[in-house]
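This report refers to the structure that appears directly beneath it.
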Amino acid sequence: MVLALFFCRLLSPAFLVPQRVGMPRETVAPFGEERPTKTARPASGSTLLRQMLHVGRYPVMWQERWIGPANLARADLKITGMDTYALVAAVLLQVIIGLYASVPEPQEDDPKIKYPRLQRYVFQLQMALLMVAVMCSTYTMVSFLLCKVYTVMALGMYQDVSYDLFFQGTKHIRISAFWSLIVSLETFLFAFAMNLYTRIKGNRGVFLACVAILSVFFVVHDVMRILTLAEKYVYS
């Protein structure tokens, strides 16, 4: 028996090495030779094939659409999403109002101002961007809060069909409120970037404001890329 185990270990040493659960099997090199450890390759499967394997979800979706939401856990997920949008818009609104009140108006007799006309134009553009951000954030917050209030009320009164009809009827309003939140975020970032020129006057302030505005463009680019991927993989 001892000789049999010895020869088995020589022939196939990797199968007799103790392994932990969930860890990849180690490759043991016989006679002192070192071999590279094999790493697990990522699973490569087609998205269409994986969707076909989840075909059982369609009868449940059709039942909830034409009869009523039997699974209230998914309805709670939708309500939580609307609550998150409203909370983000409310927090953003507070930050915008704080920045709106803290932006100083340029004084004509300030000796540190090197370009007074540009300073005035930047201040006016900041006020316009912050005004748009405040209006858009308020619209997003109020829209999603009202949608949440009436969906919770319908579910609490056992009116599942009314909840479903109300949720479908407010689809365009929720889409508009979502894009209003994106516009509010972008205008706030641009106004905050230009605030550097308001705080730091002269050529150095112009340079720092330009760098901050370029950074905002990168942020907006990544946000739009995430929305494009969501439209491709989630909604389509």
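All of the numbers you see were taken from the coordinates with simple rules; none came from a lab. Source: prediction; values computed, not measured. For neighbour counting, all protein chains shown are included, and Cβ atoms are generated from backbone atoms with ideal geometry for every residue, glycine included.
Distance between the pseudo-spin-label points of residue 91 and residue 161 (7 Å out from Cα toward the beta carbon): 4.0 nm. This model, with +1 at the C-beta of Lys and Arg and -1 at the C-beta of Asp and Glu, gives the range 59-235 a dipole about its Cα centre of some 440 debye. Placing +1 on the Cβ of every Lys and Arg and -1 on the Cβ of every Asp and Glu, with nothing else charged, gives the range 81-176 a dipole about its Cα centre of roughly 240 debye.
Rg/Rh for the range 59-235 stands at 1.15; both radii use Cα atoms, and Rh follows the Kirkwood definition.
The ranking of 141, 153 from fewest to most other beta carbons within 10 Å of each one's beta carbon is 153, 141.
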